[in-house]
Amino acid sequence: MADQQGPAEPKPGRRSFLGFLGAAVGTGAAAAVAEATGSGVVAKAEAAAAQPAPNPNIPGYDWSKHQWAFGVDATKCIGCLRCVEACKTENNVALDAHHFRTWVERYVYLEGEDKAHIDSQADPVNIAASGSEAHYRFANRYQDAKVEKAFFVPKLCNHCTHPACVQVCPTGATFKTDDGVVLIDHTYCIGCQYCVQACPYGARFFNAEKHVTDKCTWCYHRITKGLQPACVEVCPVGARVFGDRRDKESPISRFIRENRVEVLRPETGNAPNVFYIGIDKEVG
Amino acid sequence: MMDLLFISAPYSGYVYPNETVFPWGVLIVVYPYLTGLVAGAFTVSSLYQVFGFERLKPVAHFALLSSLCLMVFVPTPLLLHLGHPERALNAMLTPHLSSPMAMFGYISLFYLLLLIMENWFVFRPYIVEQGQRRRGLLGLAYRVASLGSDDLSEKAMRYDRKWIFALAIIGIPAAHGLHGYVGFVFGSLKSREWWSSDLMPPIFLFSAIISGTALLIVLYVVSCWLRGVRVDLACLKTMGYAMWGFLMFALLLEGVEFGALVFRGREGIDVIMEFVRGPLIVPFFLLQFSLGAVTPILILSYLFWRGTKGLPMAIGIVVSAMLVMFSVLMMRYNVVIGGQEIAKTGKGLLTFQFEVFGREGLITAACVLIAPMILLLVMVRVLPPWHDPEPERA
């Protein structure tokens, strides 16, 4: 399950197509029934046709009852990178420096400089410090410099309200679920990588073993069972917050309500659902 | 094992970790190049069929046949690129209508059918004649290809001409729509400043027209040389004029687009300028712009200004055509690969790593480009498109 991208069942591309066929057949059938038995049955058939889309085939889970969102408190992140490690393990992500469902960026302003020095755990210097691409740490590369300001920014898929990746997918293999998560159907993706190009956040990558695109699912296999995403679960300082916006007292609802939050690259119109506090002008 | 599955690109500055593997390689450079040649070759044919450029008669049918041979191979670079080519039809079975790519299958299928139909009408007299004359398997093939329609009376031919005219007219928006749409695939993305431009479709279109015309100039001269017939210089000059005019327009559009990009100077412009001043100097300024575009404009301007005739003119036009074809290939490269070399962070640059062997390597790309020429070599024997001014040897 860990390497699955969400549930196997819901495929809105096909579902809406089949739904369209179903509606057409249903309308025909309803008309036939109306002739035979009167309008009461017709109303019933129409009600059946108007029912919401089926839920994913996950026992005890109703995606129409949730609206997931994610929060990042950059003022709390200490750059320990346990989130990156947990994500790679939980989701069976390739253990190299070029494929990440989540990563952490470090911004360092040195005295007298106007621009930040930016790196992530994938930087060669940091890999040299950790000893391998499969281990993650930030090298102490600024120990001899005068640091004016420094902070870490965890990054992941923004599960946008208007996702550019979903817009460009030619088959509908990547789709937005009713509970607000953007998933990829790995059995339907043709591997054209147009979505990888379209994502302004660099959140998507090509899974070279499965020949399909891949990205963060907010650990859909966990959250639909009432668990937290792996990265949130392991964060030792509570820099990552996850929850249901339908629940006004959930951690994410309070995070958004009690802070002045911002999103990355709002000018793209993608309307991200990862909300940040404590980021700076150069973070994008 | 993992290092065999992908090639990672070296970079400078800050790039997103996932960006270090380029999503699109040289096959996606070849793809718009091929569709461009299709559209350009069709344009030459339409200039005769629809707009009555009689001087282009010697190449009109050849252009149509070339367009078909190229079009047959248009899907190959895409199929070779896909992670799951066996699922390619998913895009046609359940097209996701918001995607510019979803309509590719339908548009290209429509255009392929149109090309097949127009070619059939154009070559029908030859097919019928061969079917009646030849015996054996080849004769049978021609008889099957005639679809039982062997009426060559003046009335039937008038009817055919009507169809050819109609198909050629529909073909103009279809061919240019197919290629303009390729420009839209890039221009509509808001994630990359290098691509995100409303001018991308017309830039692709005009570069398509010049590359297709240039290809025909080269193919026509080579075909005359191979068959030992005289080159129709009036025809060659007309194609040279068309290439010259469209080339100036294409260059202007690219200049306007680049000027607007620099002038707007949105976020990330610093790194774009770093790219322009550094890695872009050889592939763009030297190869695409100076050698591929300015040089042929100068050569052609000189030829037409001085009224050069005969062999020197033919050589000048053919050399210019070869440079233009190279320039357009470099333009596709600078758009597709160049766009990915500028990091989405707006804070770093990547360097594309060429792959020679392998499914998406240079050898595969070269094969995809050569394959239509081999098919054309066969097709001109099956359906000779020649209209030579005089049969004597040159």
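The values are calculated or read from the model by the stated rules, or taken from the named source; none is laboratory data. Since the model is a prediction, treat every value here as computed from it, not as a measurement. Note that each Cβ is placed from the backbone with ideal geometry, even for glycine, and that neighbours are counted across all protein chains shown.
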Q. Looking at A:Val237, A:Val241, which is the one that is surrounded by fewer than 17 Cβ atoms within 10 Å (Cβ to Cβ) and farther than 30 Å from B:Ser8 by Cα?
A. A:Val237
Q: Quick one: which residue in B:Ile315, B:Ile297, B:Ile363 is within 26 Å of the chain's Cα centre (by Cα) and either under 19 Å from B:Pro32 (Cα atoms) or loosely packed, with under 14 Cβ neighbours inside 10 Å (or both)?
A: B:Ile363
**Q.** Residue that is farthest from B:Leu64 (Cα to Cα) [pool: residues in region B:350-365 that are in contact with a helix residue (DSSP H, G or I) (Cβ under 9 Å, 6 or more places away or on another chain) and in a helix (DSSP H, G or I)]
**A.** B:Thr364
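Results for (1) in contact with a Lys or Arg (Cβ under 9 Å, 6 or more places away or on another chain); (2) at negative phi; (3) facing chain A (nearest Cβ under 9 Å), shown as yes or no for each residue.
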| site | (1), (2), (3) |
| --- | --- |
| B:Gly25 | no, yes, no |
| B:Val29 | yes, yes, no |
| B:Pro32 | yes, yes, no |
| B:Gly40 | no, yes, no |
| B:Val59 | no, yes, no |
| B:Thr76 | no, yes, no |
| B:Ser99 | no, yes, yes |
| B:Phe104 | no, yes, yes |
| B:Leu109 | no, yes, no |
**Q.** Hits in region B:73-92 (condition: surrounded by fewer than 17 Cβ atoms within 10 Å (Cβ to Cβ) and either in contact (Cβ under 8 Å) with a residue 24 or more places away in the chain or within 22 Å of the chain's Cα centre (by Cα) (or both))
**A.** B:Leu79
Q: Considering only residues that are aliphatic (A, V, I, L, M) and closer than 28 Å to B:Val182 by Cβ, look in region B:111-152 and name the one that is nearest to the other protein chains (Cβ to nearest Cβ).
A: B:Leu112
Q: Quickly run through region B:329-349 and pick out the residues that are part of a helix (DSSP H, G or I) and within 11 Å of chain A (Cβ to nearest Cβ).
A: B:Val336, B:Gly339, B:Gln340
Q. Taking into account only those residues within region A:207-218 that are more than 7 Å from chain B (Cβ to nearest Cβ) and β-branched (Val, Ile, Thr), which is nearest to B:Thr94 (Cα to Cα)?
A. A:Thr213
**Q.** Enumeration of residues in region B:328-360 that are touching a residue at least 60 places away in the same chain (Cβ under 8 Å) and under 16 Å from the mean Cα position of the chain (by Cα)
**A.** B:Val328, B:Leu329, B:Met331, B:Arg332, B:Tyr333, B:Val335, B:Val336
Q: Scan region B:359-366 and give yes if some residue there is at pLDDT 95 or above and within 21 Å of B:Gly40 (Cα to Cα), otherwise no.
A: yes
Q) Which members of region A:162-206 meet the condition of being among the polar types (S, T, N, Q), more than 8 Å from every other protein chain (Cβ to nearest Cβ) and either within 24 Å of A:Arg246 (Cα to Cα) or not in a loop (DSSP other than H, G, I, E, B) (or both)? A) A:Thr174, A:Thr177
Q | In region A:85-126, the residues that are hydrophobic (A, V, I, L, M, F, W, C), within 30 Å of A:Arg222 (Cα to Cα) and either within 11 Å of chain B (Cβ to nearest Cβ) or part of a strand (DSSP E or B) (or both) | A | A:Val93, A:Ala94, A:Leu95, A:Ala97, A:Phe100, A:Trp103, A:Val104, A:Ala122
Q: Select from region B:82-97 the residues that are facing another protein chain (nearest Cβ under 7 Å) and not in a loop (DSSP other than H, G, I, E, B) and list them in ascending order.
A: B:Arg87, B:Asn90, B:Ala91
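One line per residue, one yes/no per condition, for (1) among the hydroxyl-bearing types (Ser, Thr, Tyr); (2) within 29 Å of A:Ile184 (Cβ to Cβ); (3) surrounded by fewer than 19 Cβ atoms within 10 Å (Cβ to Cβ):
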position	(1), (2), (3)
A:Thr75	yes, no, yes
A:Arg82	no, yes, yes
A:Glu90	no, yes, no
A:Leu95	no, yes, yes
A:His99	no, yes, no
A:Thr102	yes, yes, no
A:Tyr109	yes, no, yes
A:Asp114	no, no, yes
A:His117	no, no, yes
**Q.** Every residue from region A:244-280 that is more than 20 Å from A:Ala150 (Cα to Cα), within 14 Å of another protein chain (Cβ to nearest Cβ), out of contact with any Gly (no Cβ under 9 Å at 6 or more places or on another chain) and part of a loop (DSSP other than H, G, I, E, B)
**A.** A:Gly269, A:Asn270, A:Ala271, A:Pro272
Q | Residue among B:Leu226, B:Leu178, B:Leu252, B:Leu189 that is within 30 Å of A:Val166 (Cα to Cα), aliphatic (A, V, I, L, M) and in a helix (DSSP H, G or I) | A | B:Leu178
